[in-house]
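Have a look at the structure below before the remarks.
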Amino acid sequence: WANAPGYRDGTANFERAIITRCLDCHATWVDHVEGTTSSYNRAGMMLGIGCERCHGPADEHIAYHDANPDDTVGRHIIAPASLPLQRRLEMCAQCHGDAGQLIRPAFTYRPGEPLSAYVRQKQTAADSTFVHTANQIQRLSDSPCFQGSGGFDCITCHDTHEVEPRHMDYFIQRCLDCHQREHCGMAEQLPADLRGACIDCHMPDRGAIETLFHTRDGDYLDLLKMTEHRIAVHHDATETVRWRYYAQSDDPELRAKADQIAQRLVAERVAEARRLDEAERPLEALLTWRQALRFDPDNAELRAGEQTALAAQTRHDQAKALWRAGNQA
């Protein structure tokens with residue numbers, strides 16, 4: 001509880017409701033106690049994401065194969081690989097897309113059925129601010145890579161039946177199943193060691209203001225990163241990859257290149273942070289000042305900008321807390 005986004009470090013809030021819409025995606029089945037906000041029947045829970053979320057109810061399947069143990073073809077069960085592309089995407093989109101507005105109870109959805117009959121979701125990443133899974137389906141669908149290929153689905157890159165390795169080589173190989181390293185438009189400008197680092201440039205890790213943490217070391221820390229699923233050319237990510245590589249070199253010329261890249265990236269972020277300051281969006285400004293500080297941590301001007309935005313966001317949160325307290329009274 002105390003380590004979830006939004007909680008002050010060391011302070012748990014056990015009054016926070018865990019509503020059914022949370023468990024729609026964090027469980028295979030729960031039996032909600034009617035008339036309550038967040039009470040559930042413990043005997044009616046299937047915690048975690050089990051087989052039935054992707055393969056559908058299995059009672060008939062189990063009964064049939066218990067009675068016919070020699071039949072090796074799965075009967076009375078949904079095989080996702082046999083579904084049309086859109087239905088396969090929707091099977092994942094029930095949790096890895098926009099939260100949307102429920103039309104029918106989430107647990108009544110069955111893989112293979114049109115998801116639009118159960119939840120009204122925003123169709124593009126630009127339309128949605130839902131952050132839990134970074135609108136992965138919407139962002140993937142916006143990708144030139146997805147659109148230009150005629151479409152692919154989540155299991156093109158992910159194995160839902162295995163714990164995937166965390167190292168990038170596994171996912172880079174998924175890219176190289178379709179692409180060649182030498183076809184990269186930045187190949188001539190990248191060091192040889194970076195020409196296969198597809199993920200770092202085209203699917204970089206991003207922070208989100210809805211998943212900030214308060215710890216003993218500071219407030220509004222973006223400790224949680226999510227992989228960008230809009231596969232595209234991300235200028236800032238490519239420049240960051242180059243900066244990091246050159247900055248670690250012992251070659252003075254490469255380190256000088258790192259300094260040049262850092263200056264450009266800092267200037268871009270300072271301009272954006274000031275725009276956000278003027279627009280009275282202190283939290284976004286704070287994160288942008290901190291992005292600049294990653295490239296130049298000893299810069300006093302950047303540190304002053306960070307502290308100004310931090311103070312503005314703190315005042316905003318204090319005012320909001322007072323408003324809530326007054327309404328509750």
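The values are calculated or read from the model by the stated rules, or taken from the named source; none is laboratory data. Remember, predicted model here, so these are calculated numbers, not experimental data. Reconstructed Cβ throughout: ideal geometry from the backbone, glycine too, with neighbour counts over all protein chains shown. SASA here: full protein model, heavy atoms, side chains in, ligands and nucleic acids out. Shrake-Rupley method; radii C 1.70, N 1.55, O 1.52, S 1.80 Å.
The table for this structure:
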{"read-out": "Overall form of region 131-211 per C-alpha gyration tensor (a/c, 1.5; a/b vs b/c)", "value": "rounded"}
{"read-out": "Cα centroid separation - region 227-288 against region 98-125, whole Å", "value": "37"}
{"read-out": "Region 37-152 shape via C-alpha gyration tensor axes, a/c threshold 1.5", "value": "oblate"}
{"read-out": "Relative contact order of the chain, pairs being alpha-carbon contacts under 8 Å that are 6 or more residues apart, as %", "value": "11"}
{"read-out": "Accessible area per residue, Å², region 8-60 with all protein chains present, probe 1.4 Å", "value": "70"}
{"read-out": "Percent RCO, i.e. relative contact order, over region 174-231, from Cα pairs under 8 Å lying at least 6 residues apart", "value": "27"}
{"read-out": "12 Å Cα-Cα reach of Lys225 towards aspartates and glutamates, excluding residues that sit fewer than 8 places from it in its own chain", "value": "Asp205, Glu210"}
{"read-out": "Helical mean residue ellipticity (222 nm; -39500 (n - 2.57) per DSSP H run of 4+; nearest 500) of the chain", "value": "-13000 deg cm²/dmol"}
{"read-out": "Kyte-Doolittle at least -1.0, axis length at least 27 Å by Cα - qualifying DSSP helices, the chain", "value": "252-278, 300-328"}
{"read-out": "Only Lys, Arg (+1) and Asp, Glu (-1) charged, at Cβ; region 16-136 dipole about Cα centre in debye", "value": "500"}
{"read-out": "Estimated dipole of the chain in Debye, rounded to 20 [Cβ of Lys and Arg +1, of Asp and Glu -1, Cα centre]", "value": "780"}
{"read-out": "Ranked order, Trp29, Trp289 - accessible area, probe 1.4 Å, largest first", "value": "Trp29, Trp289"}
{"read-out": "Relative contact order computed over region 1-46 (Cα-Cα under 8 Å; 6+ residues apart), in percent", "value": "26"}
{"read-out": "Dipole axis of region 86-214 (+1 Lys, Arg; -1 Asp, Glu on Cβ), positive-most option in Phe152, Ser141, Ala99", "value": "Ala99"}
{"read-out": "Rounded, prolate or oblate (a/c below 1.5 giving rounded, otherwise prolate when a/b exceeds b/c) for the chain by Cα gyration tensor", "value": "oblate"}
